[in-house]
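No lab work stands behind these numbers, since they all come straight from the coordinates. Computed from a predicted structure; not experimentally measured. Virtual Cβ from ideal backbone geometry, glycine too; neighbours counted across all protein chains shown.
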Amino acid sequence: MLQPNIVRQRMVVELISEVDLHDHNVFYKFLSELTTAIGMKVFFGPIVADCELGPSAWVAWMESGAQVHSFLPSNLVTIDCYSCKSYDSVTVVEVSKKYFKPKPENIEFWQGR
């Protein structure tokens, strides 16, 4: 690994949402709570936009950022968190479940650097 002394953590969560993904408040509230729950500081956002395949949202953190993309009509949601500060990955999964309410068999996640 290049520069092993520099902290960097990445996590991707994918799930099939059981909530209405047309509601931009879900994305905004999710990123706001996620930011607080894992101890990040907002640089800019969150912002939500209607994209070609479904709503997407972003928040820039002082420590890096997170983004959420949805794919309608399948209700697939992809969440990508990257930070130069360590965070609790269990918290990311729990906050994701709280807002998008996937069935237990419809959520996956992986981590890397």
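A compact table of results
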quantity: Matching residues, region 30-45, being within 11 Å of the chain's Cα centre (by Cα) and not hydroxyl-bearing (S, T, Y); calculated: F30, L31, E33, L34
quantity: Failed condition for I16, given (1) closer than 23 Å to W110 by Cβ; (2) β-branched (V, I, T); (3) crowded, with 18+ Cβ neighbours inside 10 Å; (4) in contact with a helix residue (DSSP H, G or I) (Cβ under 8 Å, 6 or more places away or on another chain); calculated: (3)
quantity: Residue in region 93-106 that is within 14 Å of the chain's Cα centre (by Cα), among the aromatic types (F, W, Y) and surrounded by fewer than 17 Cβ atoms within 10 Å (Cβ to Cβ) present; calculated: no
quantity: Criterion (out of contact with any Pro (no Cβ under 6 Å at 6 or more places or on another chain) and within 16 Å of E14 (Cβ to Cβ)) met by exactly one of F71, F43; calculated: F71
quantity: Residue match in region 22-37 (condition: assigned to a loop (DSSP other than H, G, I, E, B), touching a strand residue (DSSP E or B) at 6+ places or on another chain (Cβ under 6 Å), crowded, with 18+ Cβ neighbours inside 10 Å and not charged (D, E, K, R)); calculated: no
quantity: Candidates V95, V77, V90, V59 - the one that is β-branched (V, I, T) and more than 23 Å from D23 (Cβ to Cβ); calculated: V90
quantity: When residues of region 39-69 are limited to those that are in a strand (DSSP E or B), in contact (Cβ under 8 Å) with a residue 24 or more places away in the chain and among the aliphatic types (A, V, I, L, M), the one surrounded by the most Cβ atoms within 10 Å (Cβ to Cβ); calculated: V68
quantity: Near pairs, Cβ below 6 angstrom, 6+ apart or cross-chain, from region 70-94 (on the phi > 0 side of the Ramachandran plot) to any residue that is surrounded by fewer than 18 Cβ atoms within 10 Å (Cβ to Cβ); calculated: N75/I16
quantity: The one condition in (1) touching an Asp or Glu at 6+ places or on another chain (Cβ under 6 Å); (2) closer than 16 Å to V13 by Cβ that K85 fails to fulfil; calculated: (2)
